[in-house]
1. Please determine whether any residue of region 121-142 is modelled with pLDDT under 95 and of a type in the set (Lys, Arg).
2. Looking at GLY91 and the list (1) touching a Phe, Trp or Tyr at 6+ places or on another chain (Cβ under 9 Å); (2) surrounded by 20 or more Cβ atoms within 10 Å (Cβ to Cβ); (3) among the small types (Gly, Ala, Ser), which single condition is not satisfied?
3. Are there any pairs, at least 6 apart or on different chains, whose C-beta atoms fall under 6 Å, with the first in region 50-73 and at negative phi and the second basic (Lys, Arg) and in a strand (DSSP E or B), and if so, which?
4. Find the residue count for region 98-114, including only residues that are surrounded by fewer than 23 Cβ atoms within 10 Å (Cβ to Cβ) and not in a loop (DSSP other than H, G, I, E, B).
5. Test each condition in (1) closer than 20 Å to GLY17 by Cα; (2) buried (at least 20 other Cβ atoms within 10 Å of the Cβ); (3) of a type in the set (Gly, Ala, Ser) for ALA65 and report the one that comes out false.
6. For residues that are without any contact (Cβ under 8 Å) to a residue 60 or more places away in the chain, part of a loop (DSSP other than H, G, I, E, B) and under 24 Å from SER22 (Cβ atoms), tally how many sit in region 74-97.
7. Going through region 90-106 one residue at a time, which ones are farther than 13 Å from VAL51 by Cα and at pLDDT 95 or above?
Amino acid sequence: MDTTAPSTVTGYTTLAGTTTGSVTVLDGGTLIVGGTHDGSVVVEGGGTLLVQGALRGAVEVGSLATATVSGDLVGKVEIRIAGTLAVEAGGRLAGPVTNYGSFTNHGMRSGPVEGREPDDSDGSEVLEPLHPGIYNYVLPAR
């Protein structure tokens, strides 16, 4: 059974199990996706998003906000000026990215990038999408 995630995160919040809904992480808030979350996440300035499980939905990383992916992120991503997105080794991102901030890839990414080019480190992977399309991105099985 799906649980509805809180709509606003101001402190330290972990989503476990299967959750749904749109979430906004405010300044000083930290959202950890430990299970599977279906829904969009907006990380405002000063907020932090940690994807350790699976997140399926659009993500907006605001100015002075941070998102780190060590699990799976499938969806459209927008990184604002002075926003930071890092895909760690073992992390995977599938979907189109609009990058006006900092985008570092140590893991795997699949999908087009508009704006600033990402920093693909040694050992990272850049794959062609399994099912290219605006919102139709799929990660290979682990």
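1. Yes, region 121-142 contains a residue that is modelled with pLDDT under 95 and of a type in the set (Lys, Arg).
2. Unmet condition: (1).
3. Listed by first residue and then by second, the contacts come to ASP72/ARG92.
4. Residues that pass the stated criteria total 8.
5. Here ALA65 clears every test but (1).
6. 8
7. VAL97, THR98, ASN99, TYR100, GLY101, SER102, PHE103, THR104, ASN105, HIS106
One line per residue, one yes/no per condition, for (1) β-branched (Val, Ile, Thr); (2) at pLDDT below 95; (3) under 15 Å from the mean Cα position of the chain (by Cα):
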{"position": "GLY29", "(1), (2), (3)": "no, no, no"}
{"position": "GLY34", "(1), (2), (3)": "no, no, yes"}
{"position": "GLN52", "(1), (2), (3)": "no, no, yes"}
{"position": "VAL59", "(1), (2), (3)": "yes, no, yes"}
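The values are calculated or read from the model by the stated rules, or taken from the named source; none is laboratory data. As the structure is a computational prediction, the values presented were derived from the model and not from experiment. Glycine also receives a Cβ, built like all others from the backbone with ideal geometry; neighbour counts cover every protein chain displayed.
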